[in-house]
Amino acid sequence: MYNNIIACLPYKSSFLFVDNVTALSDNGVTGEYTLKPDSFFYEDHFIGNPVTPGVIITEIMAQIGLVVFAIYLMTDDKIGTDVVMSKDSFPLLTSTEVSFFKMVLPGEKVTVSSEKEFFRFGKLKCKVEMHNEQAELVARGVFAGIVKNALINKQK
Amino acid sequence: MDRTTILTELKKVLVPYTENKTMLDGITEETDLIKDLKINSANLVDIIIDAESQYNIEIDFDSAEKMYLIGNCIDIISDKLNQSA
């Protein structure tokens with residue numbers, strides 16, 4: 001439904017962690033990703049016992065919860081935000097504080113939901129949660145990021 | 001609100017964002033938020049938002065861009081306070 005936004009994401013193949021964007025509004029986003037059993041990190045993390053690394057969980061939460069959301073907020077002119085998207089712009093994570101509650105194994109599908117705390121001066125800060133298919137909480141945190149080289153619309 | 005009062009209030013706003021508490025105690029109008037207080041540039045946005053609620057003002061993009069020295073911050077806050085007064 002909102003998947004055209006995935007084409008705007010500056011990632012591909014082994015580092016694209018968004019399959020579906022299922023809800024998008026001025027206040028938040030929800031999206032899904034299924035962990036591919038042949039992902040590069042499972043062979044080494046851990047040896048003979050593949051478990052999704054916390055950094056990858058964090059990245060999935062950031063891509064759906066911040067990057068998809070930021071692109072939506074910046075490109076939707078209804079919202080009257082401070083910045084608009086430029087061709088050379090790319091997202092930078094500025095802070096995360098995440099707690100992990102459950103392991104995520106190869107092949108599992110996770111759902112990420114993000115709720116906006118603020119989006120001002122090009123910085124987006126959100127409360128982000130990840131749940132598994134059993135609707136159990138996998139991880140929860142506060143994420144913030146900025147978009148580098150975004151065109152700045154001072155007229156507002 | 002005079003400049004000294006604004007400065008005292010501003011110190012409280014900055015506490016969560018700097019590790020350098022000694023430097024924060026001795027700040028002057030020439031203190032640079034990023035170079036001296038070692039504040040993460042990404043946190044300048046959070047500081048502006050906190051300052052808005054501390055002083056009950058609204059800071060626009062052009063003003064925010066100028067807030068890199070303590071003195072600049074006081075100028076902007078003082079301006080906005082006068083506008084709303």
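Here are the numbers for this structure:
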| read-out | value |
| --- | --- |
| GNM top mover of A:Met130, A:Met61, A:Met74 - chain A, alpha-carbon springs below 10 Å | A:Met74 |
| Once the Cα gyration tensor of chain A is diagonalised, semi-axes √(5λ) in Å | 28, 15, 14 |
| Order of A:His131, A:His45 - criterion: other Cβ atoms within 10 Å of each residue's Cβ, fewest first | A:His45, A:His131 |
| Cross-link pairs A:Lys102/B:Lys12; A:Lys127/B:Lys80; A:Lys36/A:Lys125; A:Lys12/A:Lys125; B:Lys11/B:Lys38 - those with Cα-Cα distance over 26 Å | A:Lys102/B:Lys12; A:Lys127/B:Lys80; A:Lys36/A:Lys125 |
| Point-to-point label distance, A:Ser99-A:Asn4, nm (Cα→Cβ direction, 7 Å offset) | 4.0 |
| Cβ charges +1 (Lys, Arg) and -1 (Asp, Glu), total dipole of chain B, debye | 260 |
| Lys/Arg +1, Asp/Glu -1 at C-beta; the range B:18-80 dipole; positive extreme among B:Asn43, B:Ile76, B:Leu24 | B:Leu24 |
| Per-residue HN-Hα couplings for the range B:47-58 [Karplus 6.51, -1.76, 1.60; θ = phi - 60°; Hz; x = Gly/Pro] | 5, 4, 5, 5, 5, 4, 6, 4, 9, 6, 10, 10 |
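Throughout, read-outs are computed from the coordinates displayed, never taken from laboratory work. Not measured: the values here are computed from a predicted model. Because the Cβ atoms are built from the backbone with ideal geometry, glycine has one as well, and the counts that use them run over all protein chains shown.
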